[in-house]
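Let me begin by presenting the structure, written as structure tokens, before commenting on it.
The values are calculated or read from the model by the stated rules, or taken from the named source; none is laboratory data. For clarity, every value in this text was computed on a predicted model and none was experimentally measured. Note: ideal-geometry Cβ built from the backbone for every residue, glycine included; neighbour counts use all protein chains shown.
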Amino acid sequence: MKNPFAATHALTSGRRAMMTSALALTIAAGVVSGPALAQDGTGAATPTPPSACEVIPAKVTSPEAAAPAATASATLAASPVASPVASPVGGTPVVSATPVAAEPETADVDPLAQDLRGSAVAIAGCLTDGNFDTLSQLTGGLYRGQLIGFGEELDPADFTALAASLPKAPYQIISVEDAAFKGDDTASAVVTYEVAHQVRKATWDFSLNDVKGTTAWILDGETPMMPEAPEGTATVEVTIKDNAFALKEKDVAGPSVAIKATNGDATEHEVLVLRFEGDATTKTLLQSPGPSLPANVTFIGQVTIPAGDTGTLLLSGLQPGTYTIVDMLPNAEGLPNLVDGMQATLNVK
């Protein structure tokens with residue numbers, strides 16, 4: 001893979017490890033719901049509108065100004081105009097749902113949850129747009145490092161340089177729940193969101209900061225959780241052993257699919273789900289010169305499975321067709337595991 005940035009040896013090493021996967025875009029942490037039809041023929045979340053990428057002034061700046069405990073668990077979900085669509089180390093592509101930047105305030109809704117949802121939607125908008133300059137103002141160093149998959153804090157300059165080469169993917173907020181102050185100027189909430197077809201859930205930790213003269217809630221970091229699979233979700237069991245994928249089921253009913261992978265190897269692997277169109281093949285993927293996916297290859301979802309561990313990838317809005325599972329993480333020679341044959345297909349009915 002190319003390595004155009006060289007801020008420090010450690011930084012470039014982290015980027016190299018991350019970028020060997022076509023989507024080590026983990027937003028690591030990472031940010032929608034129901035079926036939609038993508039421009040490429042697959043279902044996925046409608047991107048948050050470009051105008052959502054902005055600094056949202058905080059209305060609640062102290063625990064005293066927050067709602068009573070009785071309303072602290074209020075849920076703020078995306079309000080689609082049409083039907084919307086319904087992983088922690090590691091994760092692209094959309095029409096039918098139109099997200100609303102914020103719910104109207106009512107006496108039954110926690111104003112802190114309103115504030116945090118506004119910030120979450122803004123962050124999702126920046127990620128969708130690839131507006132990393134604004135995103136760096138709305139996030140802390142830990143989250144920036146988590147998003148890149150670097151494992152350490154990243155300052156705005158290094159983050160912006162690295163993030164510029166990440167593949168673009170649409171993000172959308174599904175819900176913000178259990179908003180609560182953790183200190184005088186810190187708070188957290190459980191955020192469920194979607195990146196392309198991948199549903200993610202995590203505890204997001206926020207803090208009040210001055211952003212160019214505006215007091216705003218910024219995202220400091222996230223702790224991934226396992227999202228709940230909706231009723232009727234099909235399960236695909238995948239065993240990873242001897243640098244190969246073995247699928248117990250190769251034909252499943254969509255649109256919601258949970259891929260449960262067990263890694264029996266001594267090295268980490270990824271489950272990267274893609275949709276190939278036209279004449280694109282895995283050979284096309286290997287011949288791609290940079291981190292962006294080649295034409296006619298659509299990102300669906302991704303999860304990294306540590307050695308000897310298990311992981312689940314929850315996908316939503318899958319249209320009928322054939323999906324390809326590959327591993328683009330580097331082998332001992334630094335080449336993608338795909339060159340060793342780490343690929344499989346899944347048919348969604």
Quiz item: Do you know which residues across region 307-326 are of a type in the set (A, V, I, L, M, F, W, C) and either part of a loop (DSSP other than H, G, I, E, B) or in the same structural domain as LYS201 (by TED's automatic domain parsing) (or both)?
Solution: ALA307, LEU318
Self-check item: Selection from region 279-310 of residues that are surrounded by fewer than 23 Cβ atoms within 10 Å (Cβ to Cβ), touching a strand residue (DSSP E or B) at 6+ places or on another chain (Cβ under 9 Å) and not β-branched (Val, Ile, Thr)
Solution: ALA280, LEU285, LEU286, SER288, LEU293, ASN296, PRO306, ALA307, GLY308, ASP309
Practice problem: Mind listing whichever residues of region 172-201 are crowded, with 24+ Cβ neighbours inside 10 Å, of a type in the set (Ser, Thr, Tyr) and farther than 19 Å from ALA258 by Cα? | Solution: none
Quiz prompt | Cross-chain or 6+ apart pairs with Cβ under 9 Å, region 129-141 first and part of a helix (DSSP H, G or I), then surrounded by fewer than 17 Cβ atoms within 10 Å (Cβ to Cβ) and of a type in the set (Gly, Ala, Ser) | solution = PHE132/ALA164; SER136/ALA157
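Please tell me if GLU268 is of a type in the set (Asp, Glu), surrounded by fewer than 23 Cβ atoms within 10 Å (Cβ to Cβ) and in contact with a Leu (Cβ under 9 Å, 6 or more places away or on another chain).
On the way: of a type in the set (Asp, Glu): yes; surrounded by fewer than 23 Cβ atoms within 10 Å (Cβ to Cβ): yes; in contact with a Leu (Cβ under 9 Å, 6 or more places away or on another chain): yes.
Here the answer is yes, as GLU268 does meet what is asked.
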Self-check item: All positions within region 127-138 that are crowded, with 24+ Cβ neighbours inside 10 Å and at pLDDT 95 or above
Solution: LEU135, LEU138
Quiz item: Which one of the conditions (1) under 18 Å from ILE240 (Cα atoms); (2) surrounded by fewer than 16 Cβ atoms within 10 Å (Cβ to Cβ); (3) modelled with pLDDT of 95 or more does GLY341 fail to meet, given that it meets all the rest?
Solution: (3)
